[in-house]
Amino acid sequence: MAIEPDRLVIFDTTLRDGEQAPGCSMTDREKIRVAHALAELGVDVIEAGFPAASDGDFESVRLIAREIRGPVICGLARCGGNDIERAWQALCEAERPRLHVFIATSPIHREHKLNMSRDEVIRRAVEGVRVARALCADVEFSAEDAARTELDYLAEVVQAVIEAGATTVNIPDTVGYAVPAEFAERIAYLRQHVPGIERAVLSVHCHDDLGMAVANSLAAVQAGARQVECTINGIGERAGNCALEEVVMAVRTRADRMQVHTGVDTRRLAPTSRLVAAVTGVAVPRNKAVVGENAFAHEAGIHQHGMLRNQQTYEIMRPEDVGLGGSRLVLGKHSGRHAFRSRVEELGLALDEAELDRAFIAFKTLADRKKEIFDADIEALVLRSDEVGAGPWQLVKLRIASGDGPRATAEAELAHADGTRRRECAEGDGPVEAAFSAIERATGVTVELKSFDVRNVTVGEDAQGEAVVSVAHGGRSWQGKGFDTDIIQASALAFLQAVNRISARRDAEQAA
Ligand code: KIV
Ligand code: ZN
């Protein structure tokens, strides 16, 4: 991949490193939706998954490779076994495929995980890159735990893989251990001591265990790295990965210091962040830099006063630059399918005809209950219509009685994909608990409720509520999200989504 010297390559790994974090799993449909949004956002590389990890991962990488045009589509593979061939089978239909091979290089990983000598690790790395290069012209090599690898040895590894044909060499801080000045020195050392380093793009991949993933990535860029690996909202293993939106806005806002630019359309940052939060059920903290709800809110009187005189007194970026232009009133009861379709397209939500039909029906139903339909309402509708067919159960009716006695009661009627219907009643301390219990009884799926949140999607008395639930089942955590103008209904839909995900996984495992 030929790049200009001041172009920073944005490598998004939301669908691989992000998706592998607890509670962040996505269905194939959700992955495709996120991949389309990343392409619209203008990332250079989408790491779509780790095809050898499971048949499900293989299939989702293959779907993305077939469907997404524009960015490079990348698949991860270990050096060794038949991971690389498997990754290539998943990727080979991509317009611009990349094979990403890795092996750990640090002493602790060599000794305790791989049980390999330094020479053996280099031999495997070189072999992996050669096998990958025989299949694909674009090959990235990652030295896992590079931040804790002896510098002189890391330089040897990097030189060997470039000679073997790696076109990008990635230096991960796998455990989020580095501090910025030290990490920058590591990059500078490699640039000075590896003959032929200019033949590959130098990349970094930082985890956030000490809250320094973004700072470390930016320090590396100042030292000459030209690819940053990151995820939307910083989702990822443990404390997460480097947050894409923060790196992109830092590079843009401090172009004077960073001296690089990206190809990202920054106005798509907030919508993409909302999409990833919605499909994973992992909410964005209110005070999250760049895309949090409060990132541009000014509460203190003295700040508001300054802002009224000149926005730049307290604002270094404009909300509209990151796509937080405020809720736009877009459509109403009389808007037709054409207007609905064009707004959906402007929002970057790729829908096929059947999906558009479902979302439009849901839009008309919502428009009957709600005077004004905002962008966030449309995003919620589209995601909700995605869930149709994503699991075996649909909520047909929910009746709640509460307020008269000490306990609330719920009656839930559910339809199963096999054509049967179940109706169950349950009691609870409140209407939400009663509704959840009725759904458990009807579906036969029992879970432990871990967290439950409700917030409004837009403003106004008739605003849609968004409910997010997290439940534990079978040793794993599962998320669900629901939207409705009635918050009890939204809560029941969120709970049912989590139950549907559990049922769909159980059915798939039984069928395999
Ligand atoms: O954190 C890490 O080291 C990784 C590599 C596989 C790139 O995710
Ligand atoms: Zn990682």
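The values are calculated or read from the model by the stated rules, or taken from the named source; none is laboratory data. No experiment lies behind these values; they were computed from the predicted model shown. Note that each Cβ is placed from the backbone with ideal geometry, even for glycine, and that neighbours are counted across all protein chains shown. Ligands, DNA and RNA are stripped out before the accessible areas are found, and what is left, the full protein with its side chains, is counted by its heavy atoms. Shrake-Rupley method; radii C 1.70, N 1.55, O 1.52, S 1.80 Å.
Please go through the stretch 1-52 and pick out each residue that is open to solvent by 10 Å² or more (accessible area, probe 1.4 Å), touching a strand residue (DSSP E or B) at 6+ places or on another chain (Cβ under 8 Å) and within 16 Å of ligand 2 (Cβ to nearest atom).
Of everything in the stretch 1-52, those that are open to solvent by 10 Å² or more (accessible area, probe 1.4 Å), touching a strand residue (DSSP E or B) at 6+ places or on another chain (Cβ under 8 Å) and within 16 Å of ligand 2 (Cβ to nearest atom) turn out to be 16, 19, 22, 50.
Can you find a residue that is away from ligand 1 (no atom under 16 Å from the Cβ), surrounded by fewer than 21 Cβ atoms within 10 Å (Cβ to Cβ), at pLDDT 95 or above and among the polar types (S, T, N, Q) anywhere in the stretch 57-64?
Keep residues of the stretch 57-64 that are away from ligand 1 (no atom under 16 Å from the Cβ), which gives 58-60, 62-64.
Among the residues that remain, those that are also surrounded by fewer than 21 Cβ atoms within 10 Å (Cβ to Cβ) are: 58-59, 63.
After this cut, where a residue has to be at pLDDT 95 or above as well, the list is 58-59, 63.
Subset that is among the polar types (S, T, N, Q): none.
The answer is no; no qualifying residue exists.
Would you check if residue 80 is under 21 Å from residue 170 (Cα atoms) and at pLDDT below 95?
Considered against the rule, which asks whether it is under 21 Å from residue 170 (Cα atoms) and at pLDDT below 95, residue 80 comes out as yes.
Could you check the stretch 176-207 and list, in sequence order, the residues that are within 16 Å of ligand 2 (Cβ to nearest atom), open to solvent by less than 30 Å² (accessible area, probe 1.4 Å) and more than 18 Å from residue 222 (Cβ to Cβ)? Don't jump to the end; show me each part of the working.
Step one: filter the stretch 176-207 for residues within 16 Å of ligand 2 (Cβ to nearest atom), giving 176-178, 183, 203-207.
Retained after the next criterion (residues that are open to solvent by less than 30 Å² (accessible area, probe 1.4 Å)): 176, 178, 183, 203-207.
Of everything in the stretch 176-207, those that are within 16 Å of ligand 2 (Cβ to nearest atom), open to solvent by less than 30 Å² (accessible area, probe 1.4 Å) and more than 18 Å from residue 222 (Cβ to Cβ) turn out to be 176, 207.
If residue 461 satisfies every condition in (1) assigned to a strand (DSSP E or B); (2) closer than 26 Å to residue 401 by Cβ; (3) modelled with pLDDT under 85; (4) not hydroxyl-bearing (Ser, Thr, Tyr) but one, which is the exception?
Status for residue 461: all satisfied but (1).
Taking the criterion of being modelled with pLDDT of 80 or more, open to solvent by 40 Å² or more (accessible area, probe 1.4 Å) and closer than 25 Å to residue 264 by Cβ, would at least one residue in the stretch 322-331 satisfy it?
Looking for residues that are modelled with pLDDT of 80 or more, open to solvent by 40 Å² or more (accessible area, probe 1.4 Å) and closer than 25 Å to residue 264 by Cβ, one finds at least one in the stretch 322-331, hence yes.
With the stretch 68-153 as the region, which strands (runs of 3 or more DSSP E) entirely inside it contain at least 1 residues that are over 17 Å from residue 202 (Cα atoms)?
Correct list: 72-78, 97-104.
Got at least one residue in the stretch 155-175 being within 27 Å of residue 21 (Cβ to Cβ), open to solvent by 30 Å² or more (accessible area, probe 1.4 Å) and outside any strand (DSSP E or B)?
Yes; the residues of the stretch 155-175 include at least one that is within 27 Å of residue 21 (Cβ to Cβ), open to solvent by 30 Å² or more (accessible area, probe 1.4 Å) and outside any strand (DSSP E or B).
Whether any residue in the stretch 151-166 is over 26 Å from the mean Cα position of the chain (by Cα), assigned by TED's automatic domain parsing to the domain that holds residue 34 and within 16 Å of ligand 2 (Cβ to nearest atom) is what I want to check.
no
To keep it simple, each residue is scored yes or no on (1) at pLDDT 85 or above; (2) among the basic types (Lys, Arg); (3) in the same structural domain as residue 478 (by TED's automatic domain parsing); (4) within 16 Å of ligand 2 (Cβ to nearest atom).
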{"site": "236", "(1), (2), (3), (4)": "yes, no, no, yes"}
{"site": "251", "(1), (2), (3), (4)": "yes, no, no, no"}
{"site": "260", "(1), (2), (3), (4)": "yes, no, no, no"}
{"site": "273", "(1), (2), (3), (4)": "yes, no, no, no"}
{"site": "276", "(1), (2), (3), (4)": "yes, no, no, no"}
{"site": "311", "(1), (2), (3), (4)": "no, no, no, no"}
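Out of (1) within 16 Å of ligand 1 (Cβ to nearest atom); (2) assigned to a loop (DSSP other than H, G, I, E, B); (3) in contact with a helix residue (DSSP H, G or I) (Cβ under 7 Å, 6 or more places away or on another chain), what's the single condition that is false for residue 195?
It is condition (1) that residue 195 fails.
Could you grab me the full set of residues in the stretch 215-241 that are away from ligand 1 (no atom under 16 Å from the Cβ) and more than 13 Å from the chain's Cα centre (by Cα)?
Passing the criteria: 215, 218, 219, 221, 222, 223, 224, 226.
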